[in-house]
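Colleague: Sharing a structure, written as structure tokens. Questions coming.
The values are calculated or read from the model by the stated rules, or taken from the named source; none is laboratory data. Here the structure is a predicted model, which means the values were calculated and not measured. Ideal geometry is used to build each Cβ from the backbone, glycine not excepted, and the neighbour counts take in all protein chains shown. Areas reflect the complete protein model, heavy atoms only, side chains present, ligands, DNA and RNA absent. Shrake-Rupley method; radii C 1.70, N 1.55, O 1.52, S 1.80 Å.
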Amino acid sequence: MAPYLDADADELLDITRACFDRYHEKFEEPYPFDSYDQAFVPEFNAGAMENPGLVTFRDEFVYRSAVTDTERQTRAMVVAHEMAHMWFGDLVTLTWWDDIWLNESFAEYMGYQTLTEATRFTDTWTDFGVTRKPWGYDADQRPSTHPVAPENVQDTASALLNFDGISYAKGASALRQLVAWLGEKDFLAGINTHFRRHRFGNARLADFIDSLASATERDVHAWADAWLRTTGVDTLTASVDSRPGQWTLALDRTGERPHRVTVGVYDRDLHDGRSLLLRERYETDVPQDTAPEPHTGTRPALVVPNDLDLTYAKIRLDDTSLETVLRGLSGIPDTLTRAVVWNTLRDMVRDGELAPADHLATAAAHLPEETDLALVQGVLAFASVHIADRYLTPDQRPAALATLTELCRDLIRRTEDGDHPGLRLIAVRHRIDTAAHPDAIAAWLAEGIVPGGPELDPELRWRVLARLAVLGATDEAAIAAELARDPSATGQEGAARCRAALPDEDAKARAWDAMFGSDDRADLSNYLFTATAQGFWQPEQADLVRPYVARYFKDAVAVAARRGPAIAEAAGRWAFPVHAVDAETLKLGEKCLRKADPIPALRRKLVDQLDDLGRALRVQQA
Ligand SMILES: [Zn+2]
């Protein structure tokens, strides 16, 4: 791996220095340890770990193959996040596990914010909006949700479950809202008081709130009760009333939290029918103390509550605005606004208020015009993983895949000039993953290049081979030959994924035995277990794998009990039959939860998977 690490050393060290300097401008307490090292560790289970003075990372952050700039930004964000823990976690440590948000929400917020302020990655909140916030929104609507700062975490097994979308994404969103509500100056003053009072000691929520309260006149105790001690997502629904020469926006709220939001008001560009122009932005509180004031002017084409994504809430647009975005989403000028709108469409699908096919049609119409990598990646992932594979019925899936393939072809055509390699890479990856026929991608593999580029690096070669395996267009000999060509750790994972994906009974039996067999001398490592699970279930092979759906619930419980939380999580996340969206799977899963007593790490994953399954069934019925 050394040459790959060397190739990125300057980038990594530049980001490290820039974040270090920025934290020293924000925090009055200096870095509290003697040295700062960063090590990349094979088969690391977490993203990274903030050991004082020695941060350890997954070694996938050392790139052997081409990555997009958004992926580089994610790595930089992890560098910034872990460094923030030197203060939040290592200088001041939580007293008990109910306050892991004092570590994770802060490191998450500081990581994104500091990267934006101190490095070339100046648009991190768009990526946060489109990839991290949905993690929080989804977690917050499941039965397993909990307050950002829960009051009763009994033991370490329960604590481990809370390293989740609530403690990271919702917590960081709440802090972003706190900064909007309080002002950054008072927020940082409160934090510095907190460090000064509790340095090299332990602290809890009440201590943090007291430190904040010392820096502001605002009632932060009430704010904390509403935001940190409650569960669920508020919904802000816009309605626009207009009469000649004036219009009025009302924002209705379901939920109990106070929100400080920015409203964006847009008009159609009369010269270029496609674009939308920002007329004005203004801040407002929800709920409002008084009736909303009318604005002078014509009714806007689009009104976006939470335009700068400063709060955490589901947004519902007024009817005119919804129509405007379905037709003109790519004409919205700012990426962060587009992220808010894409999230609105996403959760409308999840709530049964927008047909999945309409979301797909919107993606097909607007993604080819999109230039932001995080948005293209986030929307394409939702469209393929959620919409095509789960929210549409199996007989609707081929048409959805055809739409996605055409969309990727369109993006590949538009990036032929070589100016947007990241966009092209995303399109190539998704073109491979959604291929319904092997011919085109098999030719790429044979030639070693996508026509017009890029050349296939190890990651793309394994990706093509995995898709060919799903489609029954390759065999063991080809997989073995590829492994001889790339015998690295990721090569081993690629081969395991391909072998598990082959559409024949023997291959499935071998893969199943590798994951769930009881001979502990043959146990797969955590990464190989995950790779095998990723290959195993394929919507194309529903008939072939059907007998394993019932076996899964029995075998996952046994392997989790025998091998512990890390494998339990992989078994719950990756080995779960997500494509089997039917009442029978739901029934089997519910029975497992009632009778089989899975260990906590597996139970949490199963509860979440079954809730997602129930939601997919409701979306299909809607
Ligand atoms: Zn962390």
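Colleague: Per the 1.4 Å probe, what fraction of the accessible area of segment 255-299, in percent, lies on carbon and sulfur atoms?
Modeller: Answer for segment 255-299 is 50 percent, counting heavy atoms of protein chains only.
Colleague: So, for the chain, what is the accessible surface per residue at a probe of 1.4 Å, expressed in square angstrom?
Modeller: Numbers: 25860 Å² over 622 residues.
Value returned for the chain: 42 Å² of accessible area per residue.
Colleague: Using amide H atoms built 1.01 Å from N in the peptide plane, name the residues 5+ places from Leu310, or on other chains, whose amide H lies under 5 Å from its own.
Modeller: Thr262
Colleague: While we're here: Counting only DSSP beta bridges with both residues in the chain, tell me the antiparallel percent, nearest 5. Can you show the working numbers first?
Modeller: Values: 29 of 41 bridges.
Close to 70 percent.
Colleague: Just to verify a number: what accessible area does Leu322 come out at with the full protein assembly present, 1.4 Å probe, Å² rounded to tens?
Modeller: 40 Å²
Colleague: Give the Kirkwood hydrodynamic radius (Å, one decimal) of segment 194-304, defined as one over the mean of 1/r across all pairs of different Cα atoms.
Modeller: Across segment 194-304, the inverse of the average 1/r is 17.3 Å.
Colleague: With a 1.4 Å probe and every protein chain kept in, tell me what percent of the accessible surface of segment 1-78 is carbon plus sulfur.
Modeller: Summing carbon and sulfur atoms, their accessible area is 53 percent of the total for segment 1-78.
Colleague: Another question, if that's okay. Please get the size of the charge dipole for segment 122-228, origin at its Cα centre, with Cβ charges of +1 on Lys and Arg and -1 on Asp and Glu, quoted in debye to the nearest 20.
Modeller: Dipole magnitude for segment 122-228 comes out near 240 debye.
Colleague: Mind checking which lysines have their C-alpha under 25 Å from Lys314, skipping anything on the same chain fewer than 8 residues away?
Modeller: Those lysines meeting the cut-off are Lys133, Lys170, Lys605.
Colleague: Let me ask something else. Over all directions, how big on average is the projection of the convex hull of the alpha-carbon atoms in segment 29-138, in square nanometres?
Modeller: Details: hull surface 32.3 nm².
Over every viewing direction, the Cα hull of segment 29-138 projects on average to 8.1 nm².
Colleague: Here's something else I'd like to know. Along Cα→Cβ, 7 Å out, is where each label goes; now give me the distance between the ones at Arg17 and Glu117 in nm to one decimal.
Modeller: For Arg17 paired with Glu117, the spin-label model returns 2.0 nm.
Colleague: Express in nm, to one decimal, how much length is gained between Lys595 and Lys554 on full extension, taking 0.36 nm for each residue of separation and deducting their alpha carbon distance.
Modeller: Result: 13.7 nm gained on full extension.
Colleague: Report, to two decimal places, the Cα Rg of segment 350-416 normalised by 2.2 N^0.38 Å (N = number of residues). Show your work: numbers first, answer last.
Modeller: On the way: Rg = 11.7 Å, N = 67, 2.2 N^0.38 = 10.9 Å.
Against the compact-globule rule of thumb, the ratio is 1.08.
Colleague: Could you bin all the Cα-Cα distances of the chain into 10 Å bins starting at 0 and give me the percent of pairs in each, rounded to whole numbers?
Modeller: Reading upward from the zero bin: 3, 15, 25, 28, 20, 8, 1, 0.
Colleague: Right, next: Anything in the chain that counts as a DSSP H helix reaching 27 Å or more along its axis (C-alpha) with Kyte-Doolittle mean of at least -0.5? List them, would you?
Modeller: Membrane-span-like by this criterion, though nothing is claimed about a membrane: 542-563.
Colleague: Place a +1 charge on the Cβ of each Lys and Arg in segment 117-176 and a -1 charge on the Cβ of each Asp and Glu, then give the dipole magnitude about the Cα centre in debye, rounded to the nearest 20.
Modeller: Using only the charged Cβ atoms, the result is roughly 160 debye.
Colleague: Note down the accessible area of Lys554, probe 1.4 Å, to the nearest 10 Å².
Modeller: Around 150 Å² of this residue is reachable by solvent.
Colleague: Could you list, in their original order, any pairs among Lys554/Lys595; Lys554/Lys591; Lys508/Lys591 whose Cα atoms are separated by more than 20 Å?
Modeller: Result: Lys508/Lys591 exceed 20 Å.
Colleague: Could you tell me the accessible area of His366 in Å² (1.4 Å probe, neighbours in place), rounded to the nearest ten?
Modeller: Surface accessible to solvent at His366 totals approximately 10 Å².
Colleague: Among Ala364, Thr216, Leu423, whose Cα sits farthest toward the positive end of the charge dipole of the chain (+1 at Cβ of Lys/Arg, -1 at Cβ of Asp/Glu, about the Cα centre)?
Modeller: Final value for the positive-end residue is Ala364.
Colleague: Going by a ≥ b ≥ c, the root eigenvalues of the Cα gyration tensor, does segment 576-622 fall in the rounded group (a/c under 1.5), the prolate group (a/b larger than b/c) or the oblate group?
Modeller: Working: a/c = 2.50, a/b = 1.92, b/c = 1.30.
Taking the square roots of the gyration eigenvalues as a ≥ b ≥ c, segment 576-622 is prolate.
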